[in-house]
1. Could you pull out the residue among A:E35, A:E15 that is touching a His at 6+ places or on another chain (Cβ under 8 Å) and either crowded, with 24+ Cβ neighbours inside 10 Å or in a helix (DSSP H, G or I) (or both)?
2. Only one residue in A:V21, A:V65 is within 24 Å of B:A26 (Cβ to Cβ) and either within 16 Å of the chain's Cα centre (by Cα) or within 14 Å of chain B (Cβ to nearest Cβ) (or both). Which one?
3. Any residue in region A:27-45 that's more than 9 Å from chain B (Cβ to nearest Cβ): show its pairings with residues that are of a type in the set (S, T, N, Q) and surrounded by fewer than 24 Cβ atoms within 10 Å (Cβ to Cβ) at Cβ separation under 7 Å, as long as the two are six or more apart or on different chains.
4. Say we look at region B:54-82 and pick out the residues that are part of a strand (DSSP E or B) and within 10 Å of chain A (Cβ to nearest Cβ); which of these is surrounded by the fewest Cβ atoms within 10 Å (Cβ to Cβ)?
5. Among B:G18, B:G85, which is surrounded by 14 or more Cβ atoms within 10 Å (Cβ to Cβ) and more than 8 Å from chain A (Cβ to nearest Cβ)?
6. Inspect all residues belonging to region A:76-89 and state whether any of them is part of a helix (DSSP H, G or I) and surrounded by 13 or more Cβ atoms within 10 Å (Cβ to Cβ).
7. Output the qualifying pairs, or none if there are none: Cβ atoms under 6 angstrom, residues six or more apart or on different chains, first residue in region B:22-43 and over 10 Å from B:L70 (Cβ atoms) and within 14 Å of chain A (Cβ to nearest Cβ), second residue part of a loop (DSSP other than H, G, I, E, B) and hydrophobic (A, V, I, L, M, F, W, C).
Amino acid sequence: MNEMYLKFLSRSENEVFARNVVAAFALPLSPTLSELDDVRTAVSEAVTNCIVHGYRGGEGWIELVCRTEGDLLHIEIADSGRGIADVEQALQPFYTTLPDEERSGMGFTIMQTFMTDFSVTSEAGRGTTVRMSKRLGAKAADDAR
Amino acid sequence: MRTQATRRGDSLYIYLTGELDEHTVAKARAEADAFIDGAAGMSRAVFNLAGVRFMDSTGIGFLIGRYRRLQKYGMTMCLEAPNAGADKILQISGLYALMPKI
């Protein structure tokens, strides 16, 4: 088991930083390139949500926790921003609160599709936490058989 | 993120290079729109994604936005050469129904 914690400002240039940090942290689990792509994309979606929706472009802290457990990578990404009043609605594909900004409304759908497990907890006015995990190294395990 | 364009026949080819996310999208949007606005009379725009090393759903929003802009000019839109990661997102979001992969 390994674990890391990172706290960074909700600036868009930190998206590439966050997704590459998580990908680098996951490397000991021998992920396939496609699995790494999935993880990078899911992290990018979650961090985008913190920046665009949680803090609405303002500055705040984003906290990222990663933990490995066997071949599982757990990721937790949290902001202390506005929160989501109706999580059920936010999870619908193509649902967006900012239709005028060319938002696709696909962020949560992509996180759910690309990761093995996914959950979101939120409280209006307090912030949002996304937890997701993925089993990595599928191809390496196949090769070893 | 870099955006370049060439014309071949009645098609405008827009080449995107780099990582398309919340940080890079504004510049890509402005550059792509300048090429589209300068392409009056052409019939379609082909977005070549071969150089896009990464994109998330911000890229989906970007492509839908350009699609709508092209519609105003009566132009169609196609995508070509997405890498495996981009292709997966494009499929999941159903974007190929609006802008086929050629």
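The numbers here are math on the coordinates, done by the rules we state, and not lab data. The model shown is predicted, which means the values in this text are computed figures rather than measured ones. Cβ atoms come from the backbone with ideal geometry, glycine included; neighbour counts cover every protein chain shown.
1. A:E15
2. None of the others qualify; the one that does is A:V21.
3. From region A:27-45, the pairs are A:L29/A:T68.
4. B:F54
5. Being surrounded by 14 or more Cβ atoms within 10 Å (Cβ to Cβ) and more than 8 Å from chain A (Cβ to nearest Cβ) holds for just one of B:G18, B:G85, which is B:G18.
6. Looking through region A:76-89, at least one residue is part of a helix (DSSP H, G or I) and surrounded by 13 or more Cβ atoms within 10 Å (Cβ to Cβ).
7. B:T24/B:M1; B:K27/B:M1; B:A28/B:M1
Conditions tested, residue by residue: (1) outside any helix (DSSP H, G or I); (2) out of contact with any Leu (no Cβ under 6 Å at 6 or more places or on another chain); (3) not aliphatic (A, V, I, L, M).
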| residue | (1), (2), (3) |
| --- | --- |
| A:F25 | no, yes, yes |
| A:V39 | no, yes, no |
| A:A42 | no, yes, no |
| A:E45 | no, yes, yes |
| A:N49 | no, yes, yes |
| A:E63 | yes, yes, yes |
